[in-house]
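No value in this document is a laboratory result; all are computed from the given coordinates. As the structure is a prediction and not an experimental result, all values here were calculated from the model. Cβ placement follows ideal geometry from the backbone for every residue including glycine, while neighbour counts extend to all protein chains displayed.
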Amino acid sequence: MLIASTALILAALVAYILLCMASPFGTCRKCDGAGAKLTVNRAGKPKKVKPCRRCKGHGKRLRVGRRLHSHTRELHRAGTR
């Protein structure tokens with residue numbers, strides 16, 4: 001039982017690492033990829049009010065795994081100079 005759960009956790013970790021390598025950017029969770037706060041005007045159409053602060057208006061964010069990889073790579077480079 002312990003071996004199976006460990007293997008399952010390792011498989012999930014490898015899958016997340018491969019996801020971060022293949023697609024380092026994910027959609028912003030705050031604006032759902034719109035890049036701005038949306039409101040509805042009087043005609044009922046969505047309207048962008050101001051850019052999202054989390055993604056700075058791009059609608060994409062760097063994944064946590066990719067951010068961790070970049071940080072450790074920078075630390076290694078700084079330590080080997």
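Mean separation of Cα pairs under 8 Å and 6 or more residues apart, divided by the residue count, gives the chain a relative contact order of 28 percent. A full extension of the chain between residue 48 and residue 17 corresponds to an added length of 7.8 nm, given 0.36 nm per residue minus the alpha carbon distance.
Rounded to whole numbers, the Karplus 3J(HN,Hα) couplings from phi for segment 26-40 are x, 6, 5, 7, 7, 9, 6, x, 6, x, 7, 6, 9, 10, 10 Hz, using 6.51 cos²θ - 1.76 cosθ + 1.60 with θ = phi - 60°, and x at Gly and Pro.
What share of Cα pairs, in percent, lie more than 14 angstrom apart in segment 2-79?
On the way: 2162 of 3003 pairs.
Cα-Cα pairs in segment 2-79 separated by more than 14 Å: 72 percent.
Charge dipole (Cα centre; +1 on Lys/Arg Cβ, -1 on Asp/Glu Cβ; no other charges) of segment 2-79 amounts to roughly 760 debye.
Using R0 = 30 Å, the C-beta based FRET efficiency linking residue 30 and residue 9 works out to 0.55.
Simple rule: put +1 on each Lys or Arg Cβ and -1 on each Asp or Glu Cβ in the chain, find the dipole, and look at 58, 3, 23; the Cα lying farthest toward the positive end is 58. Here the Gaussian network model covers the chain, with springs between Cα atoms less than 10 Å apart; of 59, 33, 44, 44 fluctuates the most.
For the chain, lysine pairs with C-alpha atoms less than 12 angstrom apart, excluding pairs fewer than eight positions apart on the same chain, total 6. Remark on the chain: 20 stand apart, with no other cysteine beta carbon under 4.7 Å.
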